[in-house]
Amino acid sequence: MCRFRQALLLATAALIVVGVGVATAGCGGGKGSPAKGLIAFQTNRDGNFEIYVTHPDGVGYTNLTNIKAQDYSPSWSPDGSQIAFASDRDDNVDIYVMNADGTGQTAITQDPKNDYAPVWSPDGAKIAFLSNRDGNVEIYVMNADGSKQTNISNNKASELGASWSPDSARIAFATNRDGNDEIYTMNADGSEQVNLTNNPAKDWDSAWSPDGSKIAFVSDRDGKSEVYVMNADGSKQVNLTDNEALDWGPEWSPDGSKIAFVSDPDGDSELYVMNAGGSKQTRLTHNPADDLLPDWTAAEDGTNR
């Protein structure tokens, strides 16, 4: 079971235990104009994991964090002015926020346990994240300034990742509470937790489409990890990537016309972009290191202001 992104999240969780996922063009894709904005991602091309940004055509790369620590899981604020991320620079893993140009890197969680995988709510008010501060890895939500950190999943199972609905009312996430990983949704306060995938295979890495009608996710139901899409109610689950490589980490473009993802056709993890219907799978990065966990903002220069 070689699923690098899930393995990365689970490895981070293991470190945690020992103390250390607008108008839309729909899901059919299309020719249209080139994708715009910026994609933040994590990469170890400098020897340790750092947060970089690039354009959706893969032109130009900028290291934002520039510190000899491990920096993970970037998430743009809705206005494109800030990026939340996780870092172990203070020994344990905490959630940080920085400006879009990398300045002002500030910890907003400081728990003795570890916090990681932040995801900004579309209304900008909240950040969801993972933590093991109650023993197992669960989903928490806090205000964007780090206040009012609250466990909302409240389950003895382990949770993986979170993705907000575009109205900030619900959260999609993966959990192994049924014996295998499944995609669930719940209200932003943790109520009404519902299994969407209901499949004997493993399903993880959910990403809600900008118009709220679809959820992209990853599944190994066809023998290896592929990027799938389904309706937001769990119906019509369709394999989008359907290739010989391992594919994971889907992230919608702000206009809903494309999906960024990670693939390893050459043995290392690279960023790709495809039309939302799965066509025109195009490689963005070309580096022997691992490029992971893309997050896409509409901002051309790191800010929508």
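In this label model, residue 192 and residue 89 are separated by 3.9 nm, measuring between points 7 Å along each Cα→Cβ vector.
Spin-label model, residue 300 to residue 156: label points 7 Å out along the Cα-to-beta-carbon direction sit 5.5 nm apart. Taking amide H positions as modeled 1.01 Å from N, with prolines and chain starts lacking one, the residues under 5 Å from residue 96 and 5 or more places away or on another chain are 85, 86, 87, 108. Our note on the geometry: Cα centres of the range 81-101 and the range 242-299, 23 Å apart. With both labels modelled 7 Å from their Cα along Cα-to-Cβ, the residue 289 to residue 143 distance reads 3.6 nm. Only helices enter this figure: runs of n ≥ 4 DSSP H residues, each worth -39500 (n - 2.57), summed and divided by the residues of the chain, yield -1500 deg cm²/dmol at 222 nm to the nearest 500. Relative to the globular-protein estimate of 2.2 N^0.38 Å, the Cα radius of gyration of the chain stands at 0.89.
If the chain linking residue 107 and residue 279 were pulled fully straight, counting 0.36 nm for each residue of separation and taking away their Cα-Cα distance, it would gain 58.0 nm. Just to compare against my own numbers: the Cα pair-distance distribution for the range 175-223, 10 Å bins, whole % per bin, please. Going out from 0 Å in 10 Å bins, the range 175-223 shows 25, 53, 20, 1 percent. The orientation-averaged projected area of the convex hull spanned by the Cα atoms of the range 200-282 comes to 5.1 nm².
For the range 240-251, 3J(HN,Hα) computed residue by residue from phi via the Karplus equation (6.51, -1.76, 1.60; θ = phi - 60°) reads 8, 7, 6, 10, 7, 8, 8, 10, 6, x, x, 8 Hz, glycine and proline entered as x. Restricting the calculation to Cα atoms, the range 56-144 shows an Rg/Rh of 0.98 when the hydrodynamic-style radius is the Kirkwood one. Overall form of the range 120-227: oblate. Here a/c, set by the Cα gyration tensor axes a ≥ b ≥ c, is 1.5 or more, and a/b is not larger than b/c.
Just so you know, all these numbers are worked out from the coordinates, no wet-lab data involved. Treat the numbers as computed from the prediction; the structure is a model and nothing was measured. Note: ideal-geometry Cβ built from the backbone for every residue, glycine included; neighbour counts use all protein chains shown.
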